[in-house]
Amino acid sequence: MQLPTPTSVHSEEESHKIEKMKRVVRRIKFESELDLNFGERVADKAYGQKLLSCIQCGTCSATCPLAHYMDYTPRKIIAMTREGFKEEVLNSLTIWLCASCYSCYVQCPRQIHITDVMYTLKREAIQMGFHPKRLPIPILAQEFYKRVLKDGRNTESWLLVSLYLRTNPFIMLREAILGLKLFLRGRLTIGREHVKRRDQLHTILEHKKGEAPL
Amino acid sequence: MHGNGHNGTVRIGFYICHCGHNIASIVDVKAVSEYIKSLSGVVISCEYKYMCSDPGQELIQKDIKEHSLNRIIVASCSPLLHEHTFRTAVEKGGLNPYYFQMVNIREDVSWVHTDMKAATEKAKDLSRAAVQRVFHHKSLETKHVKIHPDVLIVGGGIAGIHAALTLANAGKKVYLIERNPTIGGHMAMFDKTFPTLDCAACILTPKMSQVKNHPNIILWTYSEVAKVDGYVGNYKISIRRKPRYVNEELCVGCMDCIEKCVYKEGKTPDEFNVGLSKRKPIYIPFPQATPQIVVIDRETCIEFKSGRCKKTCVEACDRKAIDFKQKEEIKEIEVGTIILTTGYQTFDASRVPFYGYGKYPNVYTSLEVERLVNASGPTGGELILRDGRHPKTVGIIHCVGSRDKNTNRWCSRTCCMYSLKLAHLLKEHTDAEVYNFYIDIRAAGKSYEEFYDKLLDENVHFIRGRVAEVSDWAVRPSEEGKLIIRAEDTLIGIVRRVPVDMVVLAVGMEPQADSQDVRRMFNISCSTEGFFLERHPKLAPVDTFTDGIFIAGACQGPKDIPDSVAQAGAAAAQALILIDSGEIELEPNTAYVVQNECSGCRTCLTICPFTAISRDEAKQKAFINEALCKGCGTCVAACPSGAIKQNLFEDEMIFSEIDGLLKMESPACC
Amino acid sequence: MKYLYYPGCSLRSTGRAYEESLLSVLKVLDIPFEELNDWNCCGATSYVSIDETDAFALAARNLALAELQSPDGTINLIAPCSACFLVLLKTERYLESYPDVREKINSTLDKAGLHYHGRVNVRHPLDVFVNDYGLENITKRVKYPLKGLKVASYYGCQMVRPFKTFDHSHYPETMDRLVKVLGAEPVDWPLKTRCCGGSLTGTIQEAGLRLNRLLLKEAEKRGADIMLTCCPLCQHNLECYQERINRKFDEKINIPVAFFTQLMGVALGLSEKELGMQRLFKMPSLKQITHPKGEMANAW
Amino acid sequence: MPTVEQPKENSWEPRIIAFFCNWCTYTAADLAGVSRLRYAPNARIIRVMCSGRVDPQFILDAFSKGADGVLIGGCHPGDCHYMEGNYKALRRMELLKRMMKDMGIEDKRFRLEWISASEGERVKTVINEMTEQVRALGPLGLPKKFAEWDKELESLEHEINAKGDTVHA
């Protein structure tokens, strides 16, 4: 029997697609690759021993306004955390897309504090250096953290400038017009806000930095 | 310190049970046995694999004879489980059964502890306490109470009906009390039943009319239990018969009066159709209502509101059955046993605001849909939505008010199956696309899984995901004018928006709103969620902790029809055991007054909740009526001169138990 | 009862109009308040993403300062920004519910000579106006009923979740009730509490813009003339990115987004300046708002 | 697993005597067993028909013989199998508490709890809690105190007698 011969040459797009399909990815998980009590440790840190009682109903994903853009739905994050898929979880975009709207937290039929779980995962990812270096969300968090640590208050204009410098300076051009509009309406200030008793603040925040990573 | 005094020489036999591995894996039974052997009065101390088995019991009997034992102690499971077994064995061995004492080293020790050393020490302490206690045991006579042969059944749903017929067919007189105007309960409202799809009315109504016509059943509908007095075998019950303003003897259910009512159209939401239709102030709940007698609703009848109605209903009745002056009536009856079949209520769907019940007209509860697809329902079985449309797509949301810590924690057990049934019926009636949104499908019953298979073959959609929201928020033209269901399809791992015309909420089952009042009235317990508590979750599923009172059906927990009927039969059988044996043995744990120590101070008189204590004015002494005493011992603890004693729980026995528990120091305790 | 007022960072920059209008309304209603001395940033959602102890300590400093400033009784601390409101509330609640957290944070505060005893009640101004001052009293003070104005109340997320304080977590009605009292007509819509994405507009902008687009379109579709918010970040997102959303997704969205306190001020007869109206990108068209006698509302 | 499960070698362990009513709390303890809940092994249960049967003397007796804590478990108010035995118990125990205070027995050594037949979990919680509370208080050691009091009384008596002697003399 003879195979049909291709009648036309592949378009470039098509051959690209074929190449992509041929690049097989191994999708299997060996128990030895898992961190088996990762779930319990996260639960402990996130006020959520209840994490383990998840029944995988998906209410969190369905109520999440950002689930459409996540690489894993929140439900999957819980399942993966519980089962010890630490690397996948800490590398996921999901934890950074969580905007802390607490919709899942309120609706979860098992009353799991999902938002707190996400915060815990964010902290772990930062501490262990899992996130991509120029992903803006953790950078924003870090810049914000530094600014407030220093001044006690946040000045939005300064925060945004440092964010753009560390991620993509070209965005600054895009945002300049909006910035100008805000500035003209007195909604962006140049002077930096700060608390009077910075010493007191620093004493409070000067405890031993960082808790042991999970 | 414990002389055997008037009891003669005390010769104790101590037996410790391995209960397979249940006890022996945590308690060093050998060590306990050897330790007990060293105590004074102990003649025999040994261990055995299963004391409750026949050889175990025979061992006791043999030893009693061979070693002239006069006290027996078994350390095994809870006395609530096997005390009776061992007492009987002791009696067969020729010893008075009340010389027996049981030590609980399973439920109280091996099952709740993990440290072998601590558990063994605790078992020793408890056993030693029993050894010291039995020195004070006495020979007692078992109390017997006669059982009145009549039975009260509360609640006329399928469970109550089945229990009533079972007992009546066995020749017993049954009072069946129902608070609604008709019996039938929830089952009468259902359209078809799963998994067989036979029509609920077709299988229920024959049983309803059997109840009505059975010579052994006295059926009182529109009635409630007002008061319960007495005890097993001798309950005195007051029944409140609410006035229906229609003479039950005269009414033949012709319904002419209903037609002639001054209201041309019904104005009040019809209870039977869950508010989907309206009824008049004078009505009959549904065509096959039993008894077939009309009832007048005082709240909505003009005559009661203004006293100036033309009373066309009275004119219409040629049997002169309507009686506006009818009064509430209290009936006193005596029964020996009681079966509670008070059923359940459905979850109020508006408690989950995310699903839009009460906000979007085309969101229905499952019970409403039962009526909607029923040929005798408000639309004659045609599926017309509240906005007049016929649905082309339907979404059924499972677990509404079930498996949710924010509402009800438990699984309601029936919703999966009735949702499958409704999916089938809706498809059959409308040929609509039907989507089931479920967390898990629980089809664990005879032929249930096969029914699920059938639905899959019918191409009903099954999306595994709990719905987060039902709304009218359309983001695509195809969604305009629809209700949009948002859920994650967890098996595919993506959030889906499914636009539908009709949403069915599979509401769960919960305890009746007044279940706490009812259980207090009958002096039984409830589980934490509010369902009536059975005596043992496995071995005594229809008994309660109050002798002579049984439970069946959904008042005990969510249940479908077959399970309710099975329980009702079981409860009837339990009642029959009591009735046919004619009497029941009661613990001889009654209190008595040691006459020459009584100072006649009257303290005990007011304390006894059963008025079992009276005062002999001539002798100036208290006197306890043994038949009325239920053995709580409250008077014993209250008597200032220590003149009242309680059999089986005498002060000396408890003091010696305390001694036994504390006298020796053990590693776990010191 | 005197309230303590915690402005938060945003009310000093992008949300200035919120502060101006809020303070003007408090004054005109004679509700006594004073600003919390030397308050610091609440930490928002970022702080807890880095270090939880720091996040709680930072927020708790404000609570401890409030106790210093108001030595007796329960303190009602007004936090107008939803993020501040929640962070302060969550700190207060978690310190109460988890003894180990309380201990840890207080030992941190102690080092700086501060301590939190649990006397602070964190309040949102919406709650204060509607439930403390009362709708009936507001009715009496309305000078220019906002007749015919259709308002979509947007509550956002953190004011109503996760803690149940004064309204439902997904279907709140407090602002709608207030709007009615002001003479306007609340629009019932299903996205009242759907998240605007918060800081996503600044980080992963595509996601942020999409969320805001959905909200704006639905409000317009339901016939709203104006959207009202109670959070500076929501207001910023919904207002300032409209043009970009229109360009990117080929939409024609055009709806004013104001703070609820601004609209309150209008009905109460305050001037444009007092309410920071000039700071908005798009002025609400309020021509129809007239005094029963035919007189136009102040500067409108 | 609760930490209270491991009694250390030769270290002091609290001894708690528990009086449980047959219908509610004793049944709840059975349920805890059937449910395999794990709790501290420090309590020893004595079954009575009703919490109303618990004579204050039982409690004092237990303390005087070396118990470090006493727990009474009865049905919830309104749920008593015998109508109101638990109310009687409550009234009695309130009085007893005052008396115990005078004797120097701390409040936390004595506890009256309503635990219904379905609350197996509560049995676990209460016993664990009480064990920890009593552990924190340390041994009560009433028998030792009694011996000391006896000694004091004896010497007092001796003194008085001696004085009496002198007076008489």
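Quick note: the coordinates plus some simple rules give every number you see, no bench work behind them. Computed from a prediction, not measured in an experiment: that's the story for all the values here. As a convention, Cβ positions derive from the backbone with ideal geometry for all residues, glycine included, and neighbour counts pool all protein chains shown.
Run the quick spin-label model on residue B:234 and residue B:46: label points 7 Å from Cα toward the beta carbon, then report their separation in nm to one decimal.
So the label points at residue B:234 and residue B:46 sit 4.4 nm apart.
How far apart, in nm, are two points set 7 Å out from the Cα along the Cα-to-Cβ line at residue B:538 and at residue B:315?
In this crude label model, residue B:538 to residue B:315 measures out at 7.0 nm.
Using a Gaussian network model of chain A with C-alpha springs under 10 Å, which one of A:86, A:17, A:45 is most mobile by mean-square fluctuation?
With Cα springs under 10 Å in chain A, the top fluctuation among A:86, A:17, A:45 is at A:17.
Would you mind checking the tilt of helix D:142-168 against the longest principal axis of the Cα atoms of chain D, expressed as 0 to 90 degrees and rounded to 10?
20 degrees
Counting other Cβ atoms within 10 Å, which trypsin sites (Lys or Arg not before Pro) in the stretch C:1-52 have at most 15 and lie in a DSSP loop?
Qualifying residues, ordered by number: C:2.
Return a whole-number percent for the relative contact order of chain B, with Cα pairs under 8 Å and 6 or more residues apart as the contact set.
Details: 1398 pairs, mean separation 88.4, N = 670.
Relative contact order for chain B comes out at 13 percent.
Hey, with R₀ at 51 Å, roughly what FRET efficiency would residue C:2 and residue C:221 work out to, going by the Cβ-Cβ distance, to 0.05?
Numbers: r = 43 Å, r/R0 = 0.85.
Computed FRET efficiency for residue C:2 and residue C:221 comes out at 0.70.
Roughly what would the spin-label model give for residue B:252 and residue A:25, points 7 Å off Cα along C-beta, in nm?
A separation of 8.1 nm, rounded to one decimal place.
For residue D:151 and residue D:76, what is the calculated FRET efficiency with R₀ set at 41 Å and r taken between the beta-carbons, to the nearest 0.05?
On the way: r = 45 Å, r/R0 = 1.11.
That pair, residue D:151 with residue D:76, gives E of 0.35.
Helix-derived [θ] at 222 nm for chain D: sum -39500 (n - 2.57) over DSSP H runs of at least 4, divide by residue count, nearest 500?
Values: 5 runs with 83 residues, N = 169.
Calculated from helices alone, the mean residue ellipticity at 222 nm is -16500 deg cm²/dmol.
Per residue, how much space in cubic angstrom lies within the convex hull of the C-alpha atoms of the stretch D:16-162?
On the way: hull volume 14.8 nm³, N = 147.
Convex hull volume per residue, Cα atoms: 101 Å³.
Excluding residue A:201 itself, what net charge comes from residues whose Cβ is under 14 Å from its Cβ, given Lys and Arg +1 and Asp and Glu -1? Could you put the intermediate results ahead of the total?
Details: positive: A:146, A:147, A:150, A:153, A:196, A:197, A:198, C:61, C:111; negative: A:151, A:193, A:199, A:206, C:38, C:54.
Value of the local net charge: +3.
Using Cα-Cα distances under 8 Å and only pairs 6 or more residues apart, what relative contact order does chain C have, in percent?
Computed over chain C, the figure is 21 percent.
Given the rule -39500 (n - 2.57) for each run of at least 4 DSSP H residues, summed and divided by the residues of chain C, what is its mean residue ellipticity at 222 nm, to the nearest 500 deg cm²/dmol?
Values: 11 runs with 125 residues, N = 300.
So the helix-based figure for chain C works out to -12500 deg cm²/dmol.
Note the full-extension length gain between residue C:252 and residue C:272 as 0.36 nm times their separation in residues minus their Cα-Cα distance, in nm to one decimal.
Details: separation 20, 0.36 × 20 = 7.20 nm, distance 2.72 nm.
Once the chain is fully extended between residue C:252 and residue C:272, it gains 4.5 nm.
Just subtract the alpha-carbon distance of residue B:513 and residue B:641 from 0.36 nm times their residue separation and send over the number in nm, one decimal.
Details: separation 128, 0.36 × 128 = 46.08 nm, distance 4.63 nm.
Gain on extension, residue B:513 to residue B:641, equals 41.5 nm.
In percent, what relative contact order does the stretch B:12-140 have, based on Cα pairs under 8 Å that are 6 or more apart in sequence?
Contact order relative to length: 30 percent.
Taking only pairs that are 8 or more places apart or on different chains, how many Lys pairs in the stretch B:345-510 have Cα atoms under 22 angstrom apart?
Summing the qualifying lysine pairs gives 11.
So if R0 is 51 Å, what FRET efficiency would residue B:496 and residue A:180 give, r being the distance between their Cβ atoms, rounded to the nearest 0.05?
Values: r = 43 Å, r/R0 = 0.84.
For R0 = 51 Å, the calculated efficiency reads 0.75.
May I ask you to list the trypsin sites (Lys or Arg not before Pro) in the stretch C:213-272 that are in a DSSP loop and have at most 13 other Cβ atoms within 10 Å of their Cβ?
Here the trypsin sites (Lys or Arg not before Pro) that fit, given the DSSP loop and packing criteria, are C:252.
With n ≥ 4 as the cut-off for DSSP H runs, can you work out [θ] at 222 nm for chain A, using -39500 (n - 2.57) per run divided by the number of residues, rounded to the nearest 500? Mind dumping the intermediate values first?
Numbers: 12 runs with 115 residues, N = 214.
Computed ellipticity for chain A at 222 nm equals -15500 deg cm²/dmol.
Say we join alpha carbon atoms closer than 10 Å with springs in a Gaussian network model of chain A; which of A:51, A:66, A:180 then has the biggest fluctuation?
Maximum fluctuation in the GNM of chain A, among the listed residues, is at A:180.
Using only Cα atoms and rounding to the nearest 10 degrees, what angle (0 to 90) does helix A:136-151 make with the longest principal axis of chain A?
Helix A:136-151 sits at roughly 10 degrees to that axis.
Of all beta bridges DSSP finds with both residues in chain B, what is the antiparallel percent, to the nearest 5?
Working: 50 of 98 bridges.
For chain B, the DSSP antiparallel bridge percentage is about 50.
Against the longest alpha carbon principal axis of chain B, how many degrees, from 0 to 90 and to the nearest 10, is the axis of helix B:158-169 turned?
Compared with the principal axis, the helix lies near 60 degrees.
Pick out which of A:161, A:89, A:42 has the largest mean-square fluctuation in a Gaussian network model of chain A, springs linking Cα atoms closer than 10 Å.
In the Gaussian network model the winner is A:161.
Within a Cβ distance under 13 Å of residue C:224, other residues only, what is the Lys/Arg minus Asp/Glu net charge? Can you show the working numbers first?
Working: positive: C:150, C:192, C:217, C:221, C:222; negative: C:176, C:185, C:188, C:218, C:220, C:225.
Neighbourhood net charge equals -1.
How about the stretch B:85-140: which trypsin sites (Lys or Arg not before Pro) there lie in a loop by DSSP and see at most 15 other Cβ atoms within 10 Å?
Numbers: sites: B:87, B:92, B:106, B:117, B:122, B:124, B:128, B:133, B:138; in loops: B:138.
Filter output for the stretch B:85-140: B:138.
For residue B:478 and residue B:302 in one chain, what is 0.36 nm times their gap in residues minus the Cα-Cα distance, to one decimal in nm?
Values: separation 176, 0.36 × 176 = 63.36 nm, distance 4.99 nm.
Using 0.36 nm per residue and subtracting the Cα-Cα distance, I get 58.4 nm.
Compute the label zone of residue B:585 within the stretch B:62-94: residues whose backbone N is under 15 Å from the point 7 Å along Cα-to-Cβ.
The answer is B:80-94, whose backbone nitrogens lie closer than 15 Å to the label point.
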